[in-house]
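Comments concern the structure below.
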Amino acid sequence: MASTLHSRIESAIRTAKQWESDKTLLAEIRASIPFKELVPELVCETEAQWRFYLNNTADGEAKEASGEDDGVNYKTSCFKDDDADWEGDDLLLKRLTLYFKLEVMTWCNQPPCSNPNCKGNEDGKQMENKGMRGPETEEEKTGGAGRVEVYTCKLCKTETTFPRFNSPRTLFKSRRGRCGEFANLFGTYCRALGFDTRYILDFTDHVWTEVWSVRQQRWLHADSCEGLIDRPNMYEQGWGKKLNYAIGATHDHCADVTKRYTRKLYSDEFQARRREFAPDENTSDRVFLQMSGALRQMNSIGKGRLEELEKRGKAEENFFGM
């Protein structure tokens, strides 16, 4: 059982490690993010720009009247009423998460038909799933597609594939997928901005991220599929999910963060679900401890980073009541 837990953690670590490896991609992502539209209050360069932001001049009237139109829309769909509760980098994360959902990625249940002459729906509703296969093409292999879904169009009978890419660079190009692709690419976006970011793997059927808030000195839940941050209760209380494990992984540490997402960890039902992966909680704790230790040795973590990880770990234990 513990070997299953070990393999799941390893899988999450592999995903997070990818976020560190392609520095050119990180630079490309940074260059693509419209900071002035997302957080004008953080990057306004002139008093006029700040005034436009305060007046919510999305229609451009005030800009035209002042003679200063810098071409930036200072009120986008990423602005919400509760933005006032957030500051600095936390506000950037909040708007980035929603921007990513609305402007970067497209959710894909079924791919659209690959036949350009097909008159079918672009949402892929006419596509029939015919099963899965392994990667065969060069694109599928270089994109890290562990599996490829195969569909047939009911209208024109064309076969269309949906490779489940794992490479952040390939995802930055394709920009479509489900929660796995969303979390993978969003984690890369967060790392591109310098956020310490965890890949969160829920053993039932979902993945998301956590980002370290320097301002609040805690990990913030961030789900780019939903465009929401700091809503850890939404899975169990909102979706009614029967959680068992939620693990957090980066390139240099891993942790069991299930307690952030449930209030039922020690109930008999919850414990029974966890016993499918580890015989008891002590064994589970040892697996995480051993794997974190191995990661720190493998990455030759410096003293400063090691001290920071230890400090965060103790703070998280206190938060979880351990």
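The values are calculated or read from the model by the stated rules, or taken from the named source; none is laboratory data. It should be emphasised that the depicted structure is a prediction, and the values quoted were computed from it without experimental measurement. As a convention, Cβ positions derive from the backbone with ideal geometry for all residues, glycine included, and neighbour counts pool all protein chains shown. Heavy atoms of the whole protein, side chains included, go into the accessibility calculation; ligands, DNA and RNA do not. Shrake-Rupley method; radii C 1.70, N 1.55, O 1.52, S 1.80 Å.
Summary table
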quantity	calculated
Given (1) in contact with a Lys or Arg (Cβ under 9 Å, 6 or more places away or on another chain); (2) modelled with pLDDT of 95 or more; (3) in a helix (DSSP H, G or I); (4) over 30 Å from S77 (Cα atoms), index of the condition F319 fails	(2)
Looking only at region 282-307, and only at residues there that are touching an Asp or Glu at 6+ places or on another chain (Cβ under 9 Å) and among the charged types (D, E, K, R), the one that is farthest from S267 (Cα to Cα)	R305
Looking only at region 1-33, and only at residues there that are modelled with pLDDT of 95 or more and not in a helix (DSSP H, G or I), the one that is least open to solvent (accessible area, probe 1.4 Å)	I33
Per-region count, region 239-268, residues without any contact (Cβ under 8 Å) to a residue 12 or more places away in the chain and more than 19 Å from the chain's Cα centre (by Cα)	5
Matching residues, region 253-300, being among the basic types (K, R) and either open to solvent by less than 10 Å² (accessible area, probe 1.4 Å) or part of a helix (DSSP H, G or I) (or both)	K259, R260, R273, R274, R286, R296
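Residues are listed down the side, and each one gets a yes or a no for (1) of a type outside the set (A, V, I, L, M); (2) in contact with a helix residue (DSSP H, G or I) (Cβ under 9 Å, 6 or more places away or on another chain):
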residue: W239; (1), (2): yes, no
residue: K242; (1), (2): yes, yes
residue: I247; (1), (2): no, yes
residue: H253; (1), (2): yes, yes
